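Worksheet: one structure, shown below.
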Amino acid sequence: MENVEIPATETTYWCKVQKLNENFNSKHHIVQFEPIIKNSAYVHHMEVFHCNTDPDVVIPLYNGDCQFLPSEAKVCSKVISLWAMGASTFTYPKETGLPIGGKDYNPYIRLEVHYNNPLLDSGMIFSLIIKITVKLLIKFLCRCY
């Protein structure tokens, strides 16, 4: 999310729906996620959700207040990763990871950020990233004798 101006309200949930790039046409595994937040004082928590529906369903792209999230994006509710105040980078054990992508995987995801603004400050602009590290799933057959 870039240059989001949070309103002067105590609580705001901001949503961004985007499509994964074509690299995710093959199955990968998430092995790490890391928050990169320039001003964390107002960020309470954030979650990345998969749009868990048929692979060819198109979800409208969106970047705005979650109150006005298009109804088609309500299927974007399966948690992929999350972060909350006080947390840092999360790395899966080296023998595991969370599957993402592939031919039967809908390519849309939703980032939801909860901004907490108890002093009702105005003009606050934020940019943040959840860096998700993935590894390509490589299948191979072994004829071991």
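The values are calculated or read from the model by the stated rules, or taken from the named source; none is laboratory data. Here the structure is a predicted model, which means the values were calculated and not measured. Cβ placement follows ideal geometry from the backbone for every residue including glycine, while neighbour counts extend to all protein chains displayed. Areas reflect the complete protein model, heavy atoms only, side chains present, ligands, DNA and RNA absent. Shrake-Rupley method; radii C 1.70, N 1.55, O 1.52, S 1.80 Å.
Here is a list: SER122, SER81. Which entry is hydroxyl-bearing (Ser, Thr, Tyr) and part of a strand (DSSP E or B)?
SER81
Can you tell me which residues in the range 117-127 are open to solvent by 50 Å² or more (accessible area, probe 1.4 Å) and touching a residue at least 24 places away in the same chain (Cβ under 8 Å)?
Result: PRO118, LEU120, SER122, ILE125.
Name the residue that is farthest from LEU61 (Cα to Cα), counting only residues in the range 1-49 that are among the charged types (D, E, K, R) and part of a loop (DSSP other than H, G, I, E, B). Steps first, answer last, please.
Residues of the range 1-49 that are among the charged types (D, E, K, R), as a first pass: 2, 5, 10, 16, 19, 22, 27, 34, 38, 47.
Within this subset, residues satisfying the condition of being part of a loop (DSSP other than H, G, I, E, B) are 2, 10, 27, 38.
Details: GLU2: 15, GLU10: 26, LYS27: 22, LYS38: 24 Å.
The residue in question is GLU10.
Determine the pairs where a residue that is within 17 Å of TRP14 (Cα to Cα), located within the range 70-92, has a partner that is basic (Lys, Arg) with Cβ atoms under 7 Å apart, the partner being 6 or more residues away or on another chain.
Within 7 Å, the pairs are ALA73/ARG110; CYS76/ARG110.
For residues that are more than 18 Å from LEU128 (Cα to Cα), open to solvent by less than 40 Å² (accessible area, probe 1.4 Å) and touching a Phe, Trp or Tyr at 6+ places or on another chain (Cβ under 7 Å), tally how many sit in the range 42-67.
Of the residues in the range 42-67, 2 are more than 18 Å from LEU128 (Cα to Cα), open to solvent by less than 40 Å² (accessible area, probe 1.4 Å) and touching a Phe, Trp or Tyr at 6+ places or on another chain (Cβ under 7 Å).
Of all residues in the range 90-115, count the ones that are surrounded by 12 or more Cβ atoms within 10 Å (Cβ to Cβ), in a loop (DSSP other than H, G, I, E, B) and of a type in the set (Asp, Glu).
Residues in the range 90-115 being surrounded by 12 or more Cβ atoms within 10 Å (Cβ to Cβ), in a loop (DSSP other than H, G, I, E, B) and of a type in the set (Asp, Glu): 0 in total.
Among the residues of the range 104-123, which ones are over 18 Å from PHE49 (Cα atoms) and within 20 Å of the chain's Cα centre (by Cα)?
ASN116
I want to confirm something. Restricting to the range 68-87 and keeping residues that are crowded, with 16+ Cβ neighbours inside 10 Å and among the aliphatic types (A, V, I, L, M), which single residue is farthest from PRO118 (Cα to Cα)? Reasoning before the result, please.
Just the residues of the range 68-87 that are crowded, with 16+ Cβ neighbours inside 10 Å, to begin with: 69, 72-73, 75-76, 80-83.
So of that shortlist, the ones also among the aliphatic types (A, V, I, L, M) come out as 69, 73, 75, 80, 82.
Numbers: LEU69: 24, ALA73: 29, VAL75: 30, ILE80: 28, LEU82: 22 Å.
So, considering only residues that are crowded, with 16+ Cβ neighbours inside 10 Å and among the aliphatic types (A, V, I, L, M), the one farthest from PRO118 (Cα to Cα) is VAL75.
For PRO107, work out the one condition from (1) at pLDDT below 95; (2) touching a helix residue (DSSP H, G or I) at 6+ places or on another chain (Cβ under 8 Å) it doesn't fulfil.
(1)
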